[in-house]
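Student: Got a structure for you, questions after.
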Amino acid sequence: MKNKYKIILFDDFVNIYSYFEIINISCDQIFIDMKLFKLKIIGESLIVVQMEENDLSIKGEIKEIKYLYE
């Protein structure tokens, strides 16, 4: 089965579905392992407003989202 993920970006909000693991969270950067790649969210006043089994909602001033392949 392929890994199915979804990332929905709004002005000050991002929803991430089917992530594998949260690597690091701070108020200006969040690193998330999506299994196939790492996701780096850069911004200001970033806070996790909802966290379920493998779904995550982050609010704040989102400046950049990077996909990092190793």
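The values are calculated or read from the model by the stated rules, or taken from the named source; none is laboratory data. Note that the coordinates shown come from a computational prediction; the quantities given were computed from them, not determined experimentally. Here the Cβ positions follow ideal geometry from the backbone for every residue, glycine too, while neighbour counts run over all protein chains shown. When the accessible area is computed, the model is the full protein with side chains, heavy atoms only, and any ligands, DNA or RNA have been set aside. Shrake-Rupley method; radii C 1.70, N 1.55, O 1.52, S 1.80 Å.
Student: Once you place label points 7 Å from the Cα toward the Cβ at ILE42 and ASN54, how far apart are they in nm?
Tutor: The answer from the label model is 2.9 nm.
Student: Same structure, new question: Could you tell me the distance between the Cα centroids of region 46-68 and region 14-34, to the nearest Å?
Tutor: Between the Cα centre of region 46-68 and that of region 14-34, the gap is 6 Å.
Student: A follow-up question, please. Highest mean first, what order results for 27-39, 48-60 on Cβ atoms within 10 Å?
Tutor: 27-39, 48-60
Student: Tell me, what % of the accessible area of region 29-70 is carbon and sulfur with a 1.4 angstrom probe?
Tutor: Carbon-and-sulfur percentage of accessible area, whole number: 45.
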